[in-house]
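Colleague: The following block contains the structure, expressed as structure tokens.
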Amino acid sequence: GAKFLYEAGNALLGDEPGVGKTIQTLAVIEARGLDVQRVLVFVPAVLKVQWAEEIKKFLGPVDTVVIEGTPTERVALWESSHKYYIANYEQLLRDVDHMRMRVWDYIVADEATKISNPSGKQAKLIKTLKARYRLALTGTPISNKPEDLWNVMDFIQPGCLGSYAAFIQRYTFSDASIGLFTYKHMDELGYKVRRYMVRRLKEQVLTELPPKIITDVPFQLSDRERILYNQIREEILFEIEHSDISKMNDPITIQNTVVKILRLRQLVDSLELIGDSKDSTKLEVLQQI
């Protein structure tokens with residue numbers, strides 16, 4: 001994966017979650033040695049600290065800064081000298097002028113579906129930043145529809161899929177008179193994308209590891225959890241006993257039953273998922289482990 005990213009220069013790493021997109025990204029950046037002095041990494045806000053910890057875990061004491069704080073504090077951080085700058089996408093709306101102060105050696109867009117909407121402000125602003133190399137990381141390159149791919153690809157390699165209007169015209173087909181919307185030339189699109197994207201599933205790259213070990217840990221629900229569990233369970237059984245399941249044509253009835261079964265699963269995890277109480281025998285057992 002790192003070899004592909006290194007040779008492609010600008011690339012999309014679309015490996016399945018859990019394969020190791022972070023370490024591959026750091027590997028290709030570090031492989032360029034002194035040729036890389038400044039790296040800007042965009043991540044969802046909740047992953048900023050995790051990214052800093054991953055850098056420390058894999059690279060040791062590399063100069064890294066997480067951009068956060070008041071506007072004055074963030075300005076000081078942007079103007080200070082570091083190798084890795086970690087920011088969340090929302091900061092594009094507030095700090096983009098400071099991001100434009102330098103030409104970055106690498107810009108990395110983690111969870112790149114955040115910039116898949118070509119009309120989104122963040123998606124537009126990130127493409128105005130200057131960088132020698134651009135990398136996008138996402139376990140779901142196409143999360144909903146092929147159009148999701150265009151802006152991510154246009155970020156890493158501007159113009160590689162043409163304009164958005166040309167992309168829609170080439171790869172989609174619609175006929176409002178008969179309510180038809182579909183896609184075309186998907187093989188061609190796949191061929192174009194393969195030049196810039198690599199994607200592997202877990203079973204393709206983790207065959208050298210032993211099987212996952214799953215251990216069942218039985219525990220007893222608290223009295224309060226058990227009472228609520230039985231109440232919901234009795235409601236489900238009452239509905240089943242007073243209905244002919246084979247003749248339950250009303251989808252609302254079926255949906256309500258499925259939702260109640262989901263409530264049972266949530267209750268076993270934590271009462272917080274179904275109410276205000278934060279009691280959870282399961283979490284107490286987890287803490288003991």
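The values are calculated or read from the model by the stated rules, or taken from the named source; none is laboratory data. Given the structure is predicted, the values throughout are model-derived calculations rather than measurements. Here Cβ is always computed from backbone atoms with ideal geometry, including for glycine, and neighbour counts include all displayed protein chains. The area values use the complete protein model at the heavy-atom level, side chains included, leaving out ligands, DNA and RNA. Shrake-Rupley method; radii C 1.70, N 1.55, O 1.52, S 1.80 Å.
Colleague: Report whether or not Asp279 is among the acidic types (Asp, Glu) and at pLDDT 90 or above.
Modeller: On the way: among the acidic types (Asp, Glu): yes; at pLDDT 90 or above: no.
Against the criterion (among the acidic types (Asp, Glu) and at pLDDT 90 or above), Asp279 does not qualify.
Colleague: Only residues that are open to solvent by 20 Å² or more (accessible area, probe 1.4 Å) and of a type in the set (Gly, Ala, Ser): list them for region 121-166, please.
Modeller: Ala131, Ser143, Gly159, Gly162, Ser163, Ala165, Ala166
Colleague: So which residues in region 190-226 are open to solvent by 100 Å² or more (accessible area, probe 1.4 Å) and more than 34 Å from the chain's Cα centre (by Cα)?
Modeller: Gln220, Asp223, Arg224, listed by residue number.
Colleague: Within the set of pairs 6+ apart or on separate chains, which have a first residue in region 209-234 that is under 19 Å from Lys278 (Cα atoms) and assigned to a loop (DSSP other than H, G, I, E, B), a second that is among the aliphatic types (A, V, I, L, M) and open to solvent by less than 100 Å² (accessible area, probe 1.4 Å), and C-beta atoms under 6 Å apart?
Modeller: Listed by first residue and then by second, the contacts come to Phe219/Val285.
Colleague: Let me ask something additional. Would you pick out the residues in region 4-32 that are open to solvent by 30 Å² or more (accessible area, probe 1.4 Å) and without any contact (Cβ under 8 Å) to a residue 24 or more places away in the chain?
Modeller: Answer for region 4-32, where residues must be open to solvent by 30 Å² or more (accessible area, probe 1.4 Å) and without any contact (Cβ under 8 Å) to a residue 24 or more places away in the chain: just Glu7.
Colleague: Within region 106-121, is even one residue among the polar types (S, T, N, Q) and more than 17 Å from the chain's Cα centre (by Cα)?
Modeller: Within region 106-121 (the criterion being among the polar types (S, T, N, Q) and more than 17 Å from the chain's Cα centre (by Cα)), the answer is yes, since at least one residue qualifies.
Colleague: Does any residue of region 174-189 turn out to be open to solvent by 50 Å² or more (accessible area, probe 1.4 Å) and in contact with a Lys or Arg (Cβ under 7 Å, 6 or more places away or on another chain)?
Modeller: Yes, region 174-189 has at least one match.
Colleague: Answer yes or no: is there a residue in region 90-98 that is out of contact with any Leu (no Cβ under 7 Å at 6 or more places or on another chain), open to solvent by less than 40 Å² (accessible area, probe 1.4 Å), under 27 Å from Asp148 (Cβ atoms) and of a type outside the set (Phe, Trp, Tyr).
Modeller: Yes.
Colleague: Do you know which residues across region 145-162 are of a type in the set (Val, Ile, Thr) and under 10 Å from Ser116 (Cβ atoms)? Let's see the steps before the verdict.
Modeller: Filtering region 145-162 for residues of a type in the set (Val, Ile, Thr) gives 152, 156.
Residue satisfying the conditions is Val152 alone.
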